[in-house]
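Have a look at the structure below before the remarks.
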Amino acid sequence: MKLNNKKILLTGASGGIGRELAAALDAAGARICLAGRNEQKLMALKDSLPHASRHFCLAVDLTQDDDLERLNQAGLQYQKEGQGFDIVINNAGANQFACLTDRSMQSVRDELNLNLTAPVLVSKLACGWLNRPGIILNIGSTFGGIGYPGYSVYCAAKSGVYRFSEALDRELYGSGVRALYIAPRATETSLNSPEVQAMNQDLKNQSDSPQLVAKMVVDSLEQERAVRWIGWPEKLFVRVNQILPGVVAGSIQKQHAKIMSYLKK
Ligand SMILES: NC(=O)c1ccc[n+]([C@@H]2O[C@H](COP(=O)([O-])OP(=O)(O)OC[C@H]3O[C@@H](n4cnc5c(N)ncnc54)[C@H](OP(=O)(O)O)[C@@H]3O)[C@@H](O)[C@H]2O)c1
């Protein structure tokens, strides 16, 4: 889909990837609804964009039903006015690097809520007001394709989003709406704690800039790529993990002691 003049809902707009994505979409000529919980951060981001007057902000907590209903009403209203959304990017996310046994019940629920339930519900609502042709793009993670110690809850959520996107894209075949999935590997944002960054360096796990991820997201939208795994060799590991999970398990076992040492920090 050509992005010029398209109206795009971008969740997690104020985050590391979200900000770069907002800049890339602004450069492509899109009109963006910048969504996040903190209105001041969103306003500052909007004002920093070269075509600020094209964009607007929506302060919503995606884990709250009332806020999802406000988002839904906004989507319906724009549709009624002939100014409906063409694209929804489910980008908001958060994670905690911790052993499952060390986590509270509430933190597990919150993480599943934001990373899995919210994109599913926003997609459901968007099907009611997206323009045709329209696109729902879900931001996943390499951890949606590979189970990794310390990230069991995040892996559960992101692999859920992966299968959800696949199933929805197939369900919506012929309807004019696509459901796409793109999975970054480690990206240099504050999502990753200093311990995680140190572990990635220690294990020689490569990471990408949020600018690169934003570029890939724009490309996925323009090419309407159903699924994209970012980063080499991670994209190969995702495939090997599907066919020969024992091989990937073996290489993660070799890292186990190191990973555990960072989990205990
Ligand atoms: N960074 C990585 O290594 C990496 C790798 C693979 C995939 N990803 C995925 O990429 C996406 C963006 O990550 P990022 O690195 O940009 O993270 P980030 O810098 O921590 O930004 C997270 C964004 O989500 C928003 N958010 C958090 N909780 C929310 C809630 N309850 N309701 C609404 N918005 C909420 C935050 O805004 P407010 O706090 O202002 O609400 C912020 O804009 C996520 O889906 C993440 O899982 C990241």
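Observations, loosely collected:
- Cα-centre dipole for the stretch 20-158 with unit charges at Cβ (Lys and Arg positive, Asp and Glu negative), debye to 20: 260 debye
- Cα→Cβ-extended label distance, 7 Å offset, between Q197 and T117, nm: 3.2 nm
- Based on protein heavy atoms only, the chain ends up with 48 Å² per residue of surface accessible to a 1.4 Å probe.
- Inter-part distance where the stretch 55-114 and the stretch 137-200 are each reduced to a Cα centre, Å: 15 Å
- Taking the Cα centre of the chain as reference, the dipole from Cβ charges on Lys and Arg (+1) and Asp and Glu (-1) amounts to some 500 debye.
- Dipole orientation for the stretch 1-142: of the candidates N131, L9, L76, N131 has the Cα lying most toward the positive pole (charges on Cβ; Lys, Arg +1; Asp, Glu -1).
- Kirkwood analysis of the Cα pair distances in the stretch 147-265 returns a hydrodynamic radius of 16.0 Å.
- Considering only L116, L25, L68, the Gaussian network model of the chain with Cα springs below 10 Å gives its largest mean-square fluctuation to L68.
- Rounded tilt (10° steps) of 234-243 against the dominant C-alpha axis of the chain: 70 degrees
- Ignoring aspartates and glutamates fewer than eight residues from K46 along the same chain, the ones with Cα atoms less than 18 angstrom from its Cα are E20, D26.
- Within a Gaussian network of the chain (alpha carbon springs, distance under 10 Å), most fluctuating of S207, S123, S53: S53
- Percent carbon-and-sulfur accessible area, the stretch 205-265, ignoring ligands, DNA and RNA, probe 1.4 Å: 57 percent
- Between R37 and S209, the FRET efficiency estimated from the beta carbon spacing at R0 = 25 angstrom works out to 0.55.
- Extension gain for the segment Q77 to S152, taken as residue separation times 0.36 nm less the Cα-Cα distance, is 23.1 nm to one decimal.
- Legend: calculated FRET efficiency, A44 to K235, from the Cβ-Cβ distance at R0 = 41 Å, rounded to 0.05, equals 0.75.
- Furthest towards positive pole of dipole, L212, T189, G160, structure part the stretch 109-265, Cβ charges: G160
- F56 paired with M260, simple spin-label distance in nm, labels 7 Å along Cα-to-beta-carbon: 5.4 nm
- Modelled this way, with points 7 Å down the Cα-to-C-beta line, the labels at D66 and M1 are 3.1 nm from one another.
- Considering all different alpha carbon pairs of the chain, the Kirkwood hydrodynamic radius works out to 18.9 Å.
- Restricting attention to the stretch 152-265, lysine pairs at least eight places apart or on different chains and with alpha-carbon atoms under 22 angstrom apart total 11.
- Degrees, to the nearest 10: 16-27 long Cα axis against longest axis of the chain: 40 degrees
The values are calculated or read from the model by the stated rules, or taken from the named source; none is laboratory data. None of these values were measured; they are calculated from a predicted model. Backbone-built Cβ (ideal geometry, glycine too); neighbour counts: all protein chains shown. What goes into the accessible areas is simple: the full protein's heavy atoms, side chains included, and nothing from ligands, DNA or RNA. Shrake-Rupley method; radii C 1.70, N 1.55, O 1.52, S 1.80 Å.
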